[in-house]
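J.: The structure's right below; bear with me while I get my questions together.
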Amino acid sequence: MSAPRGEFGSRFGFVLAAAGSAVGLGNIWGFPTQAASNGGGAFLVIYLVMAFCLAYPALMAELIIGRHAKANAVTALRSISPNGATRVIATATGFGGMLTASLILSFYAIVAGWMIAYSLAPVTEALGLSGVSEWFTDFSVYRNLTFTVIFMLLTIAIICGGVRDGIEKWSSRLMPSLLAILVLMIAYVLTLDGAGEGVRAYLVPDFSRASDPQLIVSAMGQAFFSMSLGVGTMLVYASYIRDSDNLVSLGRSVTLVDIGIAVLAGLLIIPAMYVAEQNGVQIYDAAGRLLAEDTLIFAVLPALFDTMGAAGTIAAIAFFVLMSIAALTSSISMLEVPVAYSVENHGIKRSTATYLIGGVITLVSTLIILNFETLFGLAIAASTRYAQPALGLMLCVFAGWIWHRNGLLKELRKGNESVENGWFWRIWPLYVRFVCPLAIILVFAQRFIS
């Protein structure tokens, strides 16, 4: 017999948890560097269009399926499958989502561990412990293993608390903290020399770049996959929503928070890059291309902080704490996907399932660390470039083609009796059936070719 299911205590709690799942390193780290590499303001405009026109409809597919089934991804997709063949596909898609979420978390935990280590380095440096500070920032197996385990233990501890006392409680604490740090850092960076040029590059679009197919596909991919779509995290979170809540409104709120924080992150990172350049820090390579994302975060910005004296120490701590929080709000949603299945389908106690699955993921992370050059890039490519787009496509197929429209409408009516008379129901079914799958195929093809 499956264990009793949890439920979010409030609309606010769900929005913060779901937005926290979406607001990860892909927003705070990935979006600004994507924007800086693809035309700045032009990328921002296209990203906003894609987020509202494509990512939001795809998000709604997961939310509707999840709340209808009140179950994990495997059970949810099987529940809306009309025959044996589609149930087999549903099972494969559900398990694929669990495996992909687990694989993403296995390398995500490594990167998140780096963030924690870098947030501690300025503290030990200020205390005169230069050797310890150097160990925190040097790339080594022991450093990577130590902080990966620390990060996974934090994630496990939150998931053990369940929906209200774990996910909702900590999301309601971490997300406001993230936003406060982000706003304070933006306010500080914008006072520095060179920041104005960065703001112009970010907010003033060069519309001649807006028709670049590469830019459009990159913005589409960023909008789609920075919102945790495809692996079942939003579906599982939606399964904890009350029937009385308006799904259309909830999905819109999550999208707005996710986009808002991504845009704010760009207002921090891109001006900071120009400030760094003003201070003599290299941000472009010999060919004039922007340095790689990891170089910008772990070399360029720390070099900028080093030029700022005591203020730089505070800024460095705040920045990497910000990154650590963003990573944690996403990691808890990833771990919840396989844990929910284990608890509901096999009756395993939540704490036992969390420690077992978290332990296995940590072992995979260890394997990646010990074979970093071979496995790290492979894990990223396999999960985010190939598996995640394919799974996102399948979820749209289930919502648009396999589940009957009457079932979709019935679920939406639970929180909004007049939903069929609004613009959402007039547009969304066609979007999720035709436009979203086509968009995912285009992103998938571009990533496969590149």
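The values are calculated or read from the model by the stated rules, or taken from the named source; none is laboratory data. Source: prediction; values computed, not measured. No Cβ is skipped: glycine too gets one built from the backbone with ideal geometry, and neighbour counts run over all protein chains shown.
J.: Residues that are under 19 Å from L182 (Cβ atoms): which helices (runs of 4 or more DSSP H) entirely in the range 1-98 hold 1 or more of them?
T.: Ranges flagged: 11-22, 31-37, 41-50.
J.: Now, a different point. Which of the following residues is under 17 Å from the mean Cα position of the chain (by Cα), surrounded by 18 or more Cβ atoms within 10 Å (Cβ to Cβ), of a type in the set (A, V, I, L, M) and over 18 Å from A299 (Cα atoms): M152, M115?
T.: Checking each option against the conditions leaves just M152.
J.: Consider the range 191-213. How many of its residues are in a loop (DSSP other than H, G, I, E, B) and of a type in the set (D, E, K, R)?
T.: Number satisfying all stated conditions: 4.
J.: Could I ask something else about it? Report, by residue number, each residue of the range 418-450 that is part of a loop (DSSP other than H, G, I, E, B) and farther than 17 Å from F52 by Cα.
T.: S418, S450 - these are the residues of the range 418-450 that are part of a loop (DSSP other than H, G, I, E, B) and farther than 17 Å from F52 by Cα.
J.: Same structure again: Give the range 120-142 a look and list any residue that's more than 22 Å from F107 (Cβ to Cβ), surrounded by 18 or more Cβ atoms within 10 Å (Cβ to Cβ) and free of Cβ contacts under 8 Å to residues at least 24 places away in the same chain, or say none.
T.: Of everything in the range 120-142, just one residue is more than 22 Å from F107 (Cβ to Cβ), surrounded by 18 or more Cβ atoms within 10 Å (Cβ to Cβ) and free of Cβ contacts under 8 Å to residues at least 24 places away in the same chain, namely S133.
Conditions (1) in a helix (DSSP H, G or I); (2) in contact with a strand residue (DSSP E or B) (Cβ under 9 Å, 6 or more places away or on another chain); (3) surrounded by fewer than 23 Cβ atoms within 10 Å (Cβ to Cβ); (4) among the β-branched types (V, I, T), marked per residue:
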| residue | (1), (2), (3), (4) |
| --- | --- |
| G266 | yes, yes, no, no |
| G280 | no, no, yes, no |
| A299 | yes, no, yes, no |
| I317 | yes, no, yes, yes |
| S342 | yes, no, yes, no |
| E373 | yes, no, yes, no |
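J.: Using beta carbons and a limit of 8 Å, which pairs, at least six apart or on different chains, have the first residue in the range 396-411 and in contact (Cβ under 8 Å) with a residue 60 or more places away in the chain and the second one surrounded by fewer than 20 Cβ atoms within 10 Å (Cβ to Cβ) and polar (S, T, N, Q)?
T.: Correct list of pairs: F398/S81; I402/S81; I402/T86.
Yes/no matrix, rows are residues, columns are (1) within 20 Å of the chain's Cα centre (by Cα); (2) over 20 Å from W428 (Cβ atoms); (3) among the β-branched types (V, I, T):
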position	(1), (2), (3)
A238	yes, no, no
R242	no, yes, no
G251	yes, no, no
V263	yes, yes, yes
Y274	no, yes, no
V281	no, yes, yes
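J.: For the range 147-161, indicate whether the set of residues that are under 29 Å from I270 (Cα atoms) and of a type outside the set (S, T, N, Q) is non-empty.
T.: Within the range 147-161, the subset under 29 Å from I270 (Cα atoms) is 147-148, 151.
From what is left, the residues that are of a type outside the set (S, T, N, Q) are 147, 151.
So far as the range 147-161 goes, yes, one or more of its residues are under 29 Å from I270 (Cα atoms) and of a type outside the set (S, T, N, Q).
Results for (1) hydrophobic (A, V, I, L, M, F, W, C); (2) within 24 Å of T93 (Cβ to Cβ), shown as yes or no for each residue.
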site: T155; (1), (2): no, no
site: G166; (1), (2): no, no
site: I181; (1), (2): yes, no
site: L190; (1), (2): yes, no
site: G198; (1), (2): no, no
site: P205; (1), (2): no, no
site: F225; (1), (2): yes, yes
site: S239; (1), (2): no, yes
site: T255; (1), (2): no, yes
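J.: Test I361 against the criterion of being within 29 Å of F448 (Cα to Cα) and touching a residue at least 60 places away in the same chain (Cβ under 8 Å), and give yes or no.
T.: yes
J.: With the requirement that a residue be over 17 Å from G194 (Cα atoms) and either touching a helix residue (DSSP H, G or I) at 6+ places or on another chain (Cβ under 7 Å) or at pLDDT 75 or above (or both), what does the range 291-301 give you?
T.: Matches in the range 291-301: L291, E293, I297, F298, A299.
J.: Residue check, N246 against (1) modelled with pLDDT of 95 or more; (2) crowded, with 21+ Cβ neighbours inside 10 Å, all met but one. Which one?
T.: Among (1) modelled with pLDDT of 95 or more; (2) crowded, with 21+ Cβ neighbours inside 10 Å, N246 violates only (2).
J.: Also: If only one of F43, F52 is in contact (Cβ under 8 Å) with a residue 60 or more places away in the chain, surrounded by fewer than 23 Cβ atoms within 10 Å (Cβ to Cβ) and either closer than 20 Å to V263 by Cα or out of contact with any helix residue (DSSP H, G or I) (no Cβ under 8 Å at 6 or more places or on another chain) (or both), which one is it?
T.: Exactly one residue qualifies, and that residue is F52.
J.: A further question follows. Condition test on I368, is it modelled with pLDDT under 95, among the β-branched types (V, I, T) and farther than 20 Å from M234 by Cβ?
T.: The answer is no for I368.
J.: Collect the residues in the range 369-385 that are of a type outside the set (S, T, N, Q) and closer than 15 Å to L229 by Cβ, keeping them in residue-number order.
T.: The one that is of a type outside the set (S, T, N, Q) and closer than 15 Å to L229 by Cβ: R385.
J.: Next question, about the same structure. If you go through the range 352-371 one residue at a time, how many are surrounded by 15 or more Cβ atoms within 10 Å (Cβ to Cβ) and of a type in the set (S, T, N, Q)?
T.: 4
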